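Novice: So that we are looking at the same thing, I have put the structure below in structure tokens.
The values are calculated or read from the model by the stated rules, or taken from the named source; none is laboratory data. For clarity, every value in this text was computed on a predicted model and none was experimentally measured. Cβ atoms come from the backbone with ideal geometry, glycine included; neighbour counts cover every protein chain shown.
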């Protein structure tokens, strides 16, 4: 019964986030168009097949949609004083964070699945659909919590947090094998790319449609899972540490 009540509270927070933040035209458009425009800016005029392009587009879709709203939920809630009302109701910070992450992950899974279906309709077939499904869900959860970790900075100005999150997100995109395959990178940059969870997301998307990969899918899945657990733990600790400063 207690577990059912806990899940119900998490779901209530997730529904609130989807209604207020995610189910908006600009957010959906941002999540779909930014990855497409970034990749088109790189791919147009180059000898890149659709099969080579799809993994990068899916990686950027799950990454940008997962982190599109998460970094600014806490600043918005603190600014509008709704965070205080939430904490005075029968929920605590872990429940709020789990609800925020659930809403973000569901939004990312839906849009990334739509992109993958477009790829399938264009005959970019997934040879290993289990890898594709696991990668979409695990990556959505990982980057949802990463976005929430960025929002731990105790500011009620969304623009400040968005600037900080951009300093993290865009470098990750360029070092994670999306535009330049890991095997084509110089050795120092290749070592840096292996520190990015987005590298393993890209490798798993490549494996799911039969492209060559540098990291075996089993190890990539294991590392991505470890990143998800670690980012979730760090996010919980950061928000616990910074919560008192939001009310000063």
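Novice: Quick one: how many residues across segment 45-95 are outside any helix (DSSP H, G or I) and buried (at least 20 other Cβ atoms within 10 Å of the Cβ)?
Specialist: If we filter segment 45-95 for residues that are outside any helix (DSSP H, G or I), which is where we start, we get 45-49, 67-69, 80-81, 89-92.
Next cut, buried (at least 20 other Cβ atoms within 10 Å of the Cβ) only: 67-69.
Qualifying residue count for the region: 3.
Novice: Residue 210: on the phi > 0 side of the Ramachandran plot and loosely packed, with under 15 Cβ neighbours inside 10 Å, yes or no?
Specialist: Judged against the criteria, residue 210 is a match.
Novice: Moving on. Out of 155, 165, 139, 116, I need the residue that is in contact with a helix residue (DSSP H, G or I) (Cβ under 7 Å, 6 or more places away or on another chain), closer than 12 Å to residue 59 by Cα and either in a loop (DSSP other than H, G, I, E, B) or modelled with pLDDT under 85 (or both). Which one?
Specialist: The match here is 116.
Residue-by-condition table, conditions (1) on the phi > 0 side of the Ramachandran plot; (2) in contact (Cβ under 8 Å) with a residue 60 or more places away in the chain; (3) buried (at least 19 other Cβ atoms within 10 Å of the Cβ); (4) in contact with a strand residue (DSSP E or B) (Cβ under 6 Å, 6 or more places away or on another chain):
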position: 186; (1), (2), (3), (4): no, no, no, no
position: 189; (1), (2), (3), (4): no, no, no, no
position: 199; (1), (2), (3), (4): no, no, yes, no
position: 203; (1), (2), (3), (4): no, no, yes, no
position: 229; (1), (2), (3), (4): no, no, no, no
position: 233; (1), (2), (3), (4): no, no, no, no
position: 238; (1), (2), (3), (4): no, yes, no, no
position: 242; (1), (2), (3), (4): no, yes, no, no
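Novice: Could you tell me whether any residue of segment 61-69 is modelled with pLDDT under 85 and under 17 Å from residue 165 (Cβ atoms)?
Specialist: yes
Novice: Restricting the search to segment 84-99, which residues are under 18 Å from residue 18 (Cβ atoms) and modelled with pLDDT of 75 or more?
Specialist: Selection gives 91, 95, 96, 97, 98, 99.
Novice: Follow-up question, since we're still on this one. What pairs can you find where one residue is in segment 160-182 and on the phi > 0 side of the Ramachandran plot, the other is surrounded by fewer than 19 Cβ atoms within 10 Å (Cβ to Cβ), and their Cβ atoms are less than 6 Å apart, with a gap of 6+ or different chains?
Specialist: Pairs that qualify, where the first residue is on the phi > 0 side of the Ramachandran plot and the partner is surrounded by fewer than 19 Cβ atoms within 10 Å (Cβ to Cβ): there are none.
Novice: Within segment 205-213, is even one residue within 17 Å of the chain's Cα centre (by Cα), in a helix (DSSP H, G or I) and either at pLDDT 90 or above or under 25 Å from residue 94 (Cβ atoms) (or both)?
Specialist: Yes, that holds for at least one residue.
Novice: Filtering segment 1-32 down to residues that are assigned to a helix (DSSP H, G or I) and at pLDDT below 70, which residue is surrounded by the most Cβ atoms within 10 Å (Cβ to Cβ)?
Specialist: Per the criteria, the residue is 31.
Novice: Next question. Quick one: which residue in 179, 174 is more than 16 Å from the chain's Cα centre (by Cα) and within 13 Å of residue 60 (Cα to Cα)? Even if it seems obvious, please write down each step before you answer.
Specialist: Values: 174 fails: more than 16 Å from the chain's Cα centre (by Cα).
The unique qualifying residue is 179.
Novice: Here is a follow-up. Of the numbered conditions (1) surrounded by fewer than 18 Cβ atoms within 10 Å (Cβ to Cβ); (2) assigned to a helix (DSSP H, G or I), residue 145 fails exactly one; give the number of that condition.
Specialist: Failed condition: (1).
Novice: If you don't mind, there's one more thing I want to ask. If we keep just the residues of segment 40-58 that are modelled with pLDDT of 70 or more and in contact with a helix residue (DSSP H, G or I) (Cβ under 6 Å, 6 or more places away or on another chain), which is nearest to residue 108 (Cα to Cα)?
Specialist: 58
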